[in-house]
1. So, with a 1.4 angstrom probe, what is the percent of accessible area on segment 214-308 that is carbon and sulfur?
2. For segment 112-191 and segment 218-250, what is the centre-to-centre distance using only Cα atoms, to the nearest Å?
3. Given a 1.4 Å probe and every protein chain left where it sits, what share in percent of the accessible area of segment 334-426 is carbon and sulfur?
4. For the chain, return all DSSP H helices satisfying: extent of Cα atoms along own axis at least 27 Å; mean Kyte-Doolittle hydropathy at least -0.5.
5. How far apart, in nm, are the 7 Å Cα→Cβ label points at Glu370 and Ala84?
6. Rounded to the nearest 500 deg cm²/dmol, what is the calculated helix-only ellipticity per residue at 222 nm for the chain, with -39500 (n - 2.57) per DSSP H run of length n ≥ 4?
7. Using the Kirkwood radius built from alpha carbon pairs, what does the Stokes-Einstein equation give as D for the chain at 37 °C and 0.692 mPa s, in µm² per second?
8. Give me the percent of the accessible area of segment 103-195 that comes from carbon and sulfur atoms, probe 1.4 Å, all protein chains in place.
Amino acid sequence: MPTVAMVGAQWGDEGKGKVADVLSAEAAAMARFNGGNNAGHTVVIGGDKLVLRLVPVGILRPGVRCYLGRGCVVDPAYLLEELARLAALGVAVGGLKIDWHCHLILPYHVALDRAGDARLGRWRVGTTGRGIGPCYADRASRLGLRLADLYDEKQLGERLGALADRHAPTLAALGAQVDEGRVRDELLAAAPKIKPYGADVPPLVRGELAAGERVLLEGAHGLLLDLDWGTYPFVTSSTVHPAGAASSLGIPAAAITTVVGVVKAYQTRVGEGPMPTELADDVGARLQQRGNEVGATTGRPRRCGWLDLVLLKYAVETAGITHLALNKLDVLDGVSPLKVCVGYELGDKKWDRLAMPMDHLACAKPIYEELPAWQGQVAGARAYDRLPAGAKDYIRVVEEYVGVPAAFVSTGAGREDGFLRQALWP
Ligand code: IMP
């Protein structure tokens, strides 16, 4: 049985919630492998919109077993809030298994993230303010607290004390305060509610593989936000690359047989950092408004622009993407003319691939290929042959440039809007 990893192929917000929901219809198990509640995976079922930030989207499919790998970071208060929200909707959350080794996002991390980023001037990242970077930094510094610490009150107190001491001078310099006693009390109060979800996740996921079950690995964010492969320093702090799924879940990298790269039919970015095809004109405003491009986590308007095929090819090659899920094609209905970026001009040189340090993207001038607008409507189409000819051409141009097929095409927000062109599970 193949194991399918789903990753964002742009700067996040590609519509991974919807694709994860479609793919989970045939999955037996589903695991999130990176990030925390900085993600926002949106699913629209019967007109009702639901945003999941931490729990795998498969929780919405009765019977799908859900896991969080140790590459994820967990804010205890947020986790309980999301579980309560789901339970109130009648979703069975009791079977969720969270790796004991997941690191905990604490109020220290949130305070450091917010006050720290604001001080960076032109290097400000524009984070989601959820404490993600400082939490992963503490993990690397061997200071972090993990879910396992919730099982031992003495250990929890000692480790929290060490973490609080280490951060006290920085917090004071930033003018931020965190009350250690209060953090400890909140953790101890949350512990009995969280412990039932704690588990040794790797053997469970390996068991799924050994039993030949269909396992869907749900990545958060997008490859261009990956700590190593993104537009550093304007990135998140986790591994978005699908290899991170193997490490997060303790499964062989070779077990991942299919990598679905989720991409929007145009480009968006939220937060700071270079975006060569960004449009500051009416077309950008139109994409923003028609695509409802507002951050699912922070409510910030997203920067919008033409699809950047150079960056998409980079993502396909770097992450070993085997299939694309092309989202929001309907947003381009009526946009005339259409453009896609096929290269960059930088100084007196032209590039048709990303053979330059990522930082240079800030000065790269896009080279566009213009495509005719299509007649007719993509919105709501549920079969490839219902698409206007021009929309089929657009898909073909994307596929030819990046060299992998668009196996799924989405034509609207709802679960039913769109179609598979190729099976992703055998
Ligand atoms: P952090 O992940 O909160 O540290 O934010 C780092 C950068 O990644 C910021 O530019 C965020 O806007 C961006 N980012 C993080 N998660 C997402 C996401 O799920 N979608 C889009 N952008 C994100």
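The values are calculated or read from the model by the stated rules, or taken from the named source; none is laboratory data. All figures in this text were calculated on a predicted structure; none of them were measured in a lab. Heads up, the Cβs are rebuilt from the backbone with ideal geometry, glycines too, and the neighbour counts pull from every protein chain shown. Calculation scope for accessible area: heavy atoms of the full protein, side chains included, ligands and nucleic acids excluded. Shrake-Rupley method; radii C 1.70, N 1.55, O 1.52, S 1.80 Å.
1. Reported share for carbon and sulfur atoms: 53 percent.
2. The distance from the Cα centre of segment 112-191 to that of segment 218-250 comes to 21 Å.
3. Here carbon and sulfur together make up 49 percent of the probe-accessible area.
4. What comes out of the filter, once short or polar helices are dropped, is 153-174.
5. Simple spin-label model gives 5.6 nm for this pair.
6. Calculated at 222 nm, the ellipticity per residue is -9500 deg cm²/dmol.
7. It diffuses with D of about 149 µm²/s by this estimate.
8. Carbon-and-sulfur percentage of accessible area, whole number: 50.
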